[in-house]
Amino acid sequence: MPSASGYTPMTPFVAKCLFVGGVMAWAVIRYPFQRRAWKNPVTTTLRDAREQFLLAIAAAGLGLIPLLNVASGFPRAADHSFSPQLAWVGAGLFSLALWLFYRSHRDLGLHFSESLDLRIDHALVTDGIYRHLRHPMYLAFWLWAFAQALLLPNWFAGCAGIAGFSVLYFGRLYREEQMMVDQFGDRYRDYAKHTARIVPWLL
């Protein structure tokens, strides 16, 4: 509850509420863009059994496992001490992740897809945030994963996001970029030379 000064202290309960709120905000951000994109038919897809498996692992790590922990405390044996300071950092990271989600969805527009799909008249988006990063949405998920580790004082649930998204990221990234090379050829190769994958000037 708020203190006499009106300041709400960071507690495990508040941290869990912030995490759940972040997940809900992500769904609210994605839904309208996803709904509009679905109206633009897919012409090429790599949405095979491997892709479905990778998506399921990431969804479990970033959603199912942490939300189960928030709801039930499972697995309590993996609980660790709570740090308010680290939780505030986690809240900041999740806020930045949500901004990146919105910005990358907005800049992609009808070319957005949650999987490895190319749509009718698919364009190579190189403006907005994509002027600097080829995969800002992946950066947003990395920020979400690290925020989850800082907000949830449970080794298993907290680190599940990092583990789950790592499987998706490293299992999909080069396949996705090859798909773009196959579609756009030298235009994508030239674009890749002048942009970072997820972190400007580093990666």
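Before moving on, here are some points about what is shown:
- Spin-label zone in region 47-65 - amide nitrogen under 14 Å from a point set 7 Å from the Cα of Phe74 along the C-beta vector: 64-65
- Which of Ser72, Ser81 has the fewest Cβ neighbours within 10 Å, and the rest in rising order: Ser81, Ser72
- Assuming charge only on the beta carbon of Lys and Arg (+1) and of Asp and Glu (-1), the dipole of the chain about its Cα centre is about 200 debye to the nearest 20.
- Take the Cα of Phe82, step 7 Å toward its Cβ, do the same at Ala196, and the gap between the two points is 3.4 nm.
- Note on the chain: GNM, Cα springs under 10 Å; of Pro75, Pro66, Pro136, the largest mean-square fluctuation is that of Pro75.
- Ranked list, fewest to most other Cβ atoms within 10 Å of each Cβ, for Asp79, Asp182: Asp182, Asp79
- Most fluctuating residue given options Met137, Met24, Met179, as computed from a GNM of the chain linking Cα atoms under 10 Å: Met24
- Mean residue ellipticity at 222 nm, helices only, the chain: -21000 deg cm²/dmol; runs of at least 4 DSSP H residues each add -39,500 (n - 2.57), and the sum is divided by the number of residues.
- The tail of the calculated P(r) for the chain beyond 27 Å holds 35 percent of all Cα-Cα pairs.
- Computed from Cα atoms, the angle from the helix 155-184 axis to the main principal axis of the chain rounds to 10 degrees.
- Residue among Tyr188, Pro84, Phe156 farthest towards the positive dipole end of the chain, charges placed on Cβ: Pro84
- Restricting region 114-194 to GluC sites (Glu not before Pro) that sit in a DSSP loop and have at most 16 other Cβ atoms within 10 Å of their own Cβ leaves Glu114.
Quick note: the coordinates plus some simple rules give every number you see, no bench work behind them. Here the structure is a predicted model, which means the values were calculated and not measured. Note: ideal-geometry Cβ built from the backbone for every residue, glycine included; neighbour counts use all protein chains shown.
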